[in-house]
Amino acid sequence: MRNKVRDKEPKQKQYGEHKAGSGAKKGLPGIILAAFAAAVITYVVLLNVEKNALSAYEKADCWILTETVEKDTELTTDNIDRLFRQTQVDVQHIPQEAVKDPQSLVGSQAAIAIPAGSMATDSMFIQAAVQRAALTKPVIAGCKAEDLYQLVSGTLRSGDRIHIYTVDEELGQAYLTWDDVMVYQAFDSSGNLIPPQDTTSAAARINVLLEEGNAELFYSELYKGSLRVVKLWE
């Protein structure tokens, strides 16, 4: 009897080993799938990292000033090719308003003095000559930001176009008094001229171009605090 019991023991041991081996084999596909999923995730992450690294160094064309352009310098067909040259820089350094074609600036003039080597942007140039030509006797009228009820959050810059409304407080109505008025200059609280490409400084004072005959009404309404400004969307 004892021999029979002993004979059964190796069989039971073998059965246990076989069962354990079967369990390991059943778990093997799950391990392989998990490893495959991890490899896929790692590949996707590395691909995105590579894509971001490449985009950071992506180049694009832009236009640079070859020489210093003084304020009010008019751009003509005679000087446009001399003043600009094309170069490539990182995409992330090119602003949205960068000049795409200098020929489109013919007839405009520099709103500020632009140093040589500066990247050209549309806001650096204004159609001041055209605006002045439309006025019979143009004058420059100035006002403080605090004198206007709303100055578009102080974001007005030279070259911007605005509508100026007169508000009748008693009737609660606003009337368009001057339309498509050009902002000639904008200054900060220290009296410094704000360049068009500066999008953060608040304008404390602005100068606008008006017809000479409208200056008296402008300052009269300004004194009463009844003027409101709306910036035209470009």
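The values are calculated or read from the model by the stated rules, or taken from the named source; none is laboratory data. Not measured: the values here are computed from a predicted model. Virtual Cβ from ideal backbone geometry, glycine too; neighbours counted across all protein chains shown. Note: areas computed on protein heavy atoms with side chains; ligands, DNA, RNA excluded. Shrake-Rupley method; radii C 1.70, N 1.55, O 1.52, S 1.80 Å.
Amide H to amide H, with H built 1.01 Å from N, Ala204 comes under 5 Å of Phe187, Asp188, Ser189, counting only residues 5 or more places away or on other chains. Near the amide H of Thr66, within less than 5 Å, lie the amide hydrogens of Phe84, Arg85, Gly117, all on another chain or at least 5 residues away, with H placed in the peptide plane.
Rank these residues by their accessible area, most exposed first, probe 1.4 Å: Asp168, Asp78. Write out the running numbers ahead of the final one.
Working: Asp168 50, Asp78 135 Å².
Order by accessible area, largest first: Asp78, Asp168.
Summary of packing: across the peptides 203-209, 213-219, the per-residue average of other C-beta atoms within 10 Å ranks them, highest first, as 203-209, 213-219.
Please compute the net charge surrounding Gly117, taking Lys and Arg as +1 and Asp and Glu as -1 over other residues with Cβ under 13 Å from its Cβ. Let's see the in-between values first.
Numbers: positive: Arg85; negative: Glu67.
Surrounding charge for Gly117 is 0.
The string of couplings for segment 159-170 from the Karplus curve (6.51, -1.76, 1.60, θ = phi - 60°) is x, 5, 10, 9, 9, 10, 10, 9, 10, 8, 5, 5 Hz, one whole number per residue in order, with x for Gly and Pro.
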